[in-house]
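The values are calculated or read from the model by the stated rules, or taken from the named source; none is laboratory data. Model, not experiment: these values are computed from the prediction. So basically every Cβ, Gly included, is an ideal-geometry build from the backbone, and we count neighbours across all protein chains shown. Surface areas here come from the heavy atoms of the whole protein model, side chains and all, with no ligands, DNA or RNA. Shrake-Rupley method; radii C 1.70, N 1.55, O 1.52, S 1.80 Å.
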Amino acid sequence: MEQRIVEIANFRQTDKAEMLASVLRAEGVDCYVRNGISSNVFGDGAVDIGAKVELLDTDLPRALEIMQAYDYALPDEILLADYEGDRTPLSGRVPFLRRFSLETQIVIVIALVLGLLALLVYLGSILTSSNGTA
């Protein structure tokens, strides 16, 4: 049986998402907050990203029980965490990026671009120095 990741809550403030996630973790449910850093950075209302609490669909019944016990609003619908349809189209084309959060994807892409630029500068300096000495 294939396990899927589902979104059980979406908060505008990261701290509220982190509070729910820590309650779930304390009760033994593995979960995480996605887009927490992005939500803080863009949380001024200009971009509505939201901090999402996500977990495996096998943990969903227990998580809903815990949310109800702690008086959290239960979701109207459970959303599959569709990384291909997310706001990161690069992750749909580069399979290894799908398993990372948006923030980590951004860091990975920036590191790859910087590494490529450093390689191009290095190769350019080799070509320039070899042309100057010949």
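Things to note:
- Residues of segment 29-84 that turn out to be modelled with pLDDT under 60 and under 28 Å from residue 2 (Cα atoms), as a count: 3
- Cβ pairs under 7 Å, 6+ apart, first in segment 102-128 and under 21 Å from residue 34 (Cβ atoms), second at pLDDT below 85 and open to solvent by 100 Å² or more (accessible area, probe 1.4 Å): 103/37
- Of the criteria (1) buried (at least 19 other Cβ atoms within 10 Å of the Cβ); (2) at pLDDT 85 or above; (3) in contact with a helix residue (DSSP H, G or I) (Cβ under 8 Å, 6 or more places away or on another chain), which one residue 21 fails: (3)
- Counting only residues that are within 22 Å of residue 76 (Cβ to Cβ) and either of a type in the set (D, E, K, R) or modelled with pLDDT under 85 (or both), segment 1-10 holds 2 of them.
- Here residue 95 passes the criteria (1) modelled with pLDDT under 75; (2) surrounded by 13 or more Cβ atoms within 10 Å (Cβ to Cβ) except the one numbered (2).
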